[in-house]
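S.K.: Handing you this structure, nothing more for now.
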Amino acid sequence: MKDNKSPGVDEIPPKLLLEIVEQISIPLATVFNLSLEEGIVPLEWKEATIIPLFKKGSSNKSENYRPMSLTLVICKLLERLIKDHLVEFLVKNKFIKPSQHGFLKARSCLTNMLCFWKMSQSG
């Protein structure tokens, strides 16, 4: 978890959570496991603060902004844990082909392009 991210509706910054991680890790794990076992996400975790994020162009035009949802850091942490375990399972059980580059660690559009270029040069 990066400590410079914006807090969510609860206004608890990630930096604070990182400072008290030893005190909250067991209670958080309990809440996470209960949520996963029951298939229920606390209502508070579904709330978000929507802010406009500037893209490009004139800052006077509303179309040059996109909405950004600031959700709870704790909810984002659970989402990351689920994603990491799911990707690990898919890779380990060979449900993701070696040619897959998006959304995997150390793989990107650039690595995909380099592999494609290498294959085209050898053929």
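Read-outs throughout are calculated quantities, based only on the coordinates presented, and are distinct from any laboratory measurement. All values reported here derive from a predicted model rather than from experimental measurement. When we count neighbours, we look across all protein chains shown, and the Cβ atoms used for this are built from the backbone with ideal geometry, even at glycine.
S.K.: Give the residue, chosen from K83, K61, K55, that is of a type outside the set (D, E), without any contact (Cβ under 8 Å) to a residue 40 or more places away in the chain and more than 30 Å from L16 (Cα to Cα).
M.R.: Numbers: K83 fails: more than 30 Å from L16 (Cα to Cα); K55 fails: more than 30 Å from L16 (Cα to Cα).
Result of the check over K83, K61, K55: K61.
S.K.: Out of G102, G57, which single residue is in contact with a helix residue (DSSP H, G or I) (Cβ under 6 Å, 6 or more places away or on another chain), loosely packed, with under 12 Cβ neighbours inside 10 Å and part of a loop (DSSP other than H, G, I, E, B)? Can you show your working first?
M.R.: Details: G102 fails: in contact with a helix residue (DSSP H, G or I) (Cβ under 6 Å, 6 or more places away or on another chain).
From the options G102, G57, the qualifying one is G57.
Yes/no matrix, rows are residues, columns are (1) in a helix (DSSP H, G or I); (2) surrounded by 12 or more Cβ atoms within 10 Å (Cβ to Cβ); (3) among the polar types (S, T, N, Q):
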residue	(1), (2), (3)
T30	yes, no, yes
V41	no, yes, no
L53	no, no, no
M68	no, yes, no
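S.K.: For region 1-28, enumerate the residues that are in contact (Cβ under 8 Å) with a residue 40 or more places away in the chain and in a loop (DSSP other than H, G, I, E, B). I'd like the intermediate steps shown before the answer.
M.R.: Here is the first cut: in region 1-28, the ones in contact (Cβ under 8 Å) with a residue 40 or more places away in the chain are 1, 5-10, 12-14, 17, 28.
Within region 1-28, M1, K5, S6, P7, G8, V9, D10, I12, P13 meet the criteria.
S.K.: So if I check each of E37, E11, which one is surrounded by fewer than 11 Cβ atoms within 10 Å (Cβ to Cβ) and out of contact with any helix residue (DSSP H, G or I) (no Cβ under 9 Å at 6 or more places or on another chain)? Quick ask: steps written out before the conclusion?
M.R.: Details: E11 fails: surrounded by fewer than 11 Cβ atoms within 10 Å (Cβ to Cβ).
The conditions single out E37.
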